[in-house]
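**Student:** The structure's right below; bear with me while I get my questions together.
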Amino acid sequence: MPVPLLDVNAQNHPLTAELTEAFQRVLGHGMFILGQEVTQFEADCCAFLGVKHAIAVSSGTDALLLALMALDIQPGDEVLCPAFTFFATGGCVSRTGAVPVFVDVCADDFNIDLSDAARKVTSRTKAIMPVHLFGQSADMNALTAFAKTHGLSIIEDAAQAFGAHYGERACGTIGEFGAYSFFPSKNLGGLGDSGLLVTNDDKLGDYARILRVHGMAPKYYHHHVGANFRIDALQAAFLSVKLRHFTSYTERRQANAAFYLQQLSGVPGIVLPKALPDRTHIWNQFTLRVLNGRRDALLEHLRAHKIGAEVYYPLSLDQQACFAHLPEHARSACTVSHQLAAEVLSIPIYPELSSSQRQEVADAIIAFGRSGD
Ligand SMILES: *Cc1c(COP(=O)(O)O)cnc(C)c1O
């Protein structure tokens, strides 16, 4: 049986009645921009995440950009972000005119390495953007202390970590701002693009809300330049439906991860991802490291067995052509990131994976491991 990397239909089609009801409600009242569906979804998210302000937006990328704009990040400023992440983290910093300074990551959790951040912080550094990559929190106690020492704002890129926790607190609710993505492949996936920005700071929350609508307050009066960062009412209505089922999705991802961790332990040449203590991993991805230069061979092997797998990410941000012009200190010494880009491989972990499918994935990897002895 083929095993896709992700199957959005397996999750969404059983919700057809609920999603159709949401669609018909929005079609009925005709309020397609902001309005009650958006207010309701924002309230649902505040309650679920335990945060004061939630501002639903057009994408995870726009949530990050809006956070940077609300913190008044300017040309000439520097923002620390991990080199090993999805493009949007660094791309948004560039769009403000500031310099993204790429920091190496830790090999055990794929997250920002604060000892490298300490080497790269300067008097121009204004903010730090930890990414809770693959669904597990960065070390937020140490990061918060680091930010305090250097007077930096924290923007958490929680695009892959909706519902993950660091201790008692939800990822995304610890820094000045947290940004989430509801891109269809994320662990809370919409039926299109959308995202969310959260904060516990009343002033920042109010300001971000104004920037979401072109900096307009009151109507047609602009004290600030914002943009159109709005979420569609339809998307908010669909996401409220999916949020009702979210806890069961997370439990099934965690069960799949536990299965792989047990089945694949000791496979030669494979390093399994680690769930660190005091963090709740929500397994947006299950990412292996394949040693001895055999990553691409494992990818081929899985594809030959009709098993979906993907390299997140084949290049780190300091290696991207569009960042080649950045000053040397913004791109230096990301050796762990380079190594991970050559070793990582993500395998199917989505909630609707059947037990025979995940067994097939495990068996194929075990067979590959043996063949390399
Ligand atoms: C998906 C993702 C984003 C961007 O989210 P979009 O909704 O696709 O714009 C940003 N950062 C990380 C780490 C992501 O995985």
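**Student:** Would you mind stating whether F110 is open to solvent by 10 Å² or more (accessible area, probe 1.4 Å), under 18 Å from T85 (Cβ atoms) and within 14 Å of the ligand (Cβ to nearest atom)?
**Tutor:** yes
**Student:** Here is a further query. Hey, does region 275-291 have a residue that's under 25 Å from F110 (Cα atoms), of a type in the set (F, W, Y) and surrounded by 13 or more Cβ atoms within 10 Å (Cβ to Cβ)?
**Tutor:** Checked against the condition, which is being under 25 Å from F110 (Cα atoms), of a type in the set (F, W, Y) and surrounded by 13 or more Cβ atoms within 10 Å (Cβ to Cβ), region 275-291 yields at least one hit.
**Student:** What are the residues in region 292-335 that are surrounded by fewer than 17 Cβ atoms within 10 Å (Cβ to Cβ) and charged (D, E, K, R), if any?
**Tutor:** Listed by number, the residues that qualify are D296, E300, R303, K306, E328.
**Student:** A further question on this structure: Within region 227-264, how many residues turn out to be surrounded by 20 or more Cβ atoms within 10 Å (Cβ to Cβ) and among the acidic types (D, E)?
**Tutor:** 1
**Student:** Cβ-Cβ distance below 8 Å, separation of 6 or more or different chains: which pairs start in region 95-106 with a residue that is touching a residue at least 40 places away in the same chain (Cβ under 8 Å) and end on one that is hydroxyl-bearing (S, T, Y) and open to solvent by less than 20 Å² (accessible area, probe 1.4 Å)?
**Tutor:** Short answer, once both residue conditions are applied: P100/T89; V101/T125; F102/S316; F102/S337; D104/S337; V105/S337.
**Student:** Tally up the residues in region 136-161 that are small (G, A, S) and within 12 Å of the ligand (Cβ to nearest atom), please.
**Tutor:** The number of residues fulfilling the criteria is 4.
**Student:** For the subset of region 164-185 comprising residues that are within 9 Å of the ligand (Cβ to nearest atom) and not in a loop (DSSP other than H, G, I, E, B), which member is farthest from Y249 (Cα to Cα)?
**Tutor:** Per the stated criteria, the residue is A179.
**Student:** Working only within region 47-64, note down all residues that are in contact (Cβ under 8 Å) with a residue 60 or more places away in the chain and out of contact with any helix residue (DSSP H, G or I) (no Cβ under 6 Å at 6 or more places or on another chain).
**Tutor:** Within region 47-64, F48, L49, G50, V51, K52, S58, S59, G60, D62, A63 meet the criteria.
Matching residues to (1) buried (at least 19 other Cβ atoms within 10 Å of the Cβ); (2) assigned to a loop (DSSP other than H, G, I, E, B); (3) within 12 Å of the ligand (Cβ to nearest atom):
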site	(1), (2), (3)
N187	yes, yes, yes
G190	yes, yes, yes
L197	yes, no, yes
G205	yes, no, no
K219	no, yes, no
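The values are calculated or read from the model by the stated rules, or taken from the named source; none is laboratory data. Keep in mind that what you see is a predicted model, and the values were worked out from it rather than measured. Reconstructed Cβ throughout: ideal geometry from the backbone, glycine too, with neighbour counts over all protein chains shown. Remember, those area values only see protein heavy atoms, side chains included, never the ligands or the DNA or RNA. Shrake-Rupley method; radii C 1.70, N 1.55, O 1.52, S 1.80 Å.
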